[in-house]
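The values are calculated or read from the model by the stated rules, or taken from the named source; none is laboratory data. On a predicted model such as this, the values are computed, not experimentally measured, just so you know. Neighbour counts run over all protein chains shown; Cβ positions are idealised from the backbone, glycine included. For the accessible areas, the whole protein counts, side chains as well, though only heavy atoms, and no ligand, DNA or RNA atoms are used. Shrake-Rupley method; radii C 1.70, N 1.55, O 1.52, S 1.80 Å.
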Amino acid sequence: MPLLPWDIIFVGWDSDNDDIAFVPTVDLVAGDIIYFTDDEWNGSSFFGSEQLFEWTVPAGGVEAGTVVTIDMDNGPASASFDVGGSVDYIRGGGLLARGNEMFWAFQGTRVGDTVTPTDFIAVIANEADGNDSQTPNLSGTGLTTSNGAIIIDGDEDYMEFTADGSLSNPVERDDLIAAISDLSNWTTADGGGNNNPNGTGFDVVIPEVVCFVSGTLIETAFGSRPIETLKIGDRVRTTDNGLQRIRWIGHRTISEEEFLMRPGIAPIRIRKDAFGPGVPSADLLVSPQHRIHIQSPETQLLFGHAELLAPAVGLVNGCTIRRTTPTSAVTYYHLMFDRHEVIWSNGMQSESFFAGDQAMSSLGHRTREEVFGLFPELRSGTNGFDLTARPTLTRREARVL
């Protein structure tokens with residue numbers, strides 16, 4: 001499908017390791033083709049002298065909000081995407097220059113090894129003051145610094161958007177774009193050696209809702225109760241530590257309009273009996289990143305653990321576990337205990353809220369301060385949330401199951 005400026009937005013640049021990171025702000029459809037180049041643009045065409053490669057979006061697509069890293073190499077010249085998909089490396093040397101450099105994402109028509117741009121999506125550059133061969137010439141591209149172009153002056157080796165901790169939960173597309181396009185939210189470095197503090201990776205965290213939908217039945221000291229009726233202090237049945245008191249409850253209502261803008265945060269429906277008779281005992285609706293307890297011989301064989309926690313979105317099979325399209329508002333609920341717990345929801349084991357650093361950074365400021373008021377030790381990191389209740393899988397690892 002045709003993509004527009006800001007449908008992809010660059011969030012990381014590492015010329016020391018020849019890596020680039022971007023985030024799609026819309027779902028990318030399987031089979032779509034996007035071109036990437038670090039060539040210069042003269043206002044009507046590329047110079048045709050630097051690397052150019054074609055990426056086909058992998059089966060299953062790429063969800064909005066996914067951080068995608070492109071790893072380039074010049075021996076031999078190649079490029080790979082950590083989310084998969086096929087790459088046809090058309091030309092070039094696989095290197096990002098440490099100065100006077102730019103990197104484009106666009107769609108176009110291809111005849112042989114000649115690609116004619118039709119839709120420019122995004123550009124990132126490490127030079128803002130120079131001629132057309134040193135800084136992006138945006139003429140004829142439809143891109144501007146407020147519409148798809150990230151241009152940071154100074155010939156920086158490393159540039160990364162690092163204000164993800166201030167994003168709301170869940171982050172709205174317009175807010176995400178505004179935050180990333182604000183250059184004061186970027187960390188940069190220049191000089192000898194490897195200037196990327198994360199090695200070759202980027203640690204941008206896009207907040208996701210991790211919680212239950214209202215109506216979920218939670219096992220308590222007095223039987224199953226709808227999650228929206230629970231209060232702080234109520235005792236909930238846990239797999240590892242018996243009955244534990246709820247220390248904090250959070251909730252957020254998301255409108256139908258918000259789901260239309262960000263379908264990737266819509267609930268996942270796990271059908272009754274999806275994991276066996278009575279598991280779950282009724283359809284269970286959770287946020288896509290909510291982790292479900294998995295226990296099977298396959299988990300031991302594939303990952304070395306008999307029990308794991310896997311994000312619901314990674315378990316989608318199009319049949320018993322499916323995405324939903326809400327036609328009305330949905331309220332998500334968090335439940336937090338003194339530590340990360342495995343609890344019973346609609347007769348199925350899944351996680352409570354994990355108050356690790358990443359999860360806390362995904363909360364809005366007001367909510368985060370509310371949690372800090374209850375758990376002052378979270379500010380210093382000296383708390384019971386260093387480890388999850390079970391080892392966790394990424395979405396891609398969960399799909400293997």
*Based on the alpha-carbon gyration tensor of segment 1-47 and its eigenvalue square roots a ≥ b ≥ c, which shape applies: rounded if a/c is under 1.5, prolate if not and a/b is larger than b/c, or oblate?*
oblate
*When only C-alpha pairs under 8 Å and at least 6 residues apart count, what is the relative contact order of segment 216-300, in percent?*
17
*residue 319: net charge of surrounding residues, Cβ under 15 Å, Lys/Arg +1, Asp/Glu -1, itself excluded?*
+4
*Any chance you could check the Cα centroid distance between segment 130-155 and segment 246-323 for me, in angstrom?*
42
*asked:* Which of the three applies to segment 1-115, rounded, prolate or oblate, going by the alpha-carbon gyration tensor with a ≥ b ≥ c and a/c under 1.5 meaning rounded?
replied: rounded
*Given a 1.4 Å probe and every protein chain left where it sits, what share in percent of the accessible area of segment 208-301 is carbon and sulfur?*
52
_Please state the shape class of segment 266-314: rounded when a/c is under 1.5, otherwise prolate if a/b exceeds b/c and oblate if not, all from the C-alpha gyration tensor._
oblate
*Return the whole-Å distance between the Cα centroid of segment 1-29 and the Cα centroid of segment 85-102.*
14
*Accessible surface, per residue, of the chain when the full set of protein chains is kept, probe 1.4 Å, Å²*: 41
*May I ask for the net charge around residue 118, where only other residues with Cβ less than 15 Å from the Cβ of residue 118 are counted and Lys, Arg are +1 while Asp, Glu are -1?*
-3
*Under 5 Å between amide H atoms, partner at least 5 residues away or on a different chain: which partners does residue 341 have, H built in plane at 1.01 Å?*
352
*Mean separation of Cα pairs under 8 Å and 6+ residues apart, divided by the residue count of the chain: what relative contact order is that in percent?*
14
*Alpha-carbon radius of gyration plus Dmax, which is the widest Cα pair, for segment 241-322 in Å*: 15.1, 43
*Relative to the longest principal axis of the C-alpha atoms of the chain, give the angle of the C-alpha long axis of helix 365-374, reported between 0 and 90° and rounded to the nearest 10°.*
40
_Testing the spin-label approximation: label points 7 Å from Cα along Cα→Cβ at residue 113 and residue 322. State their distance in nm._
4.8
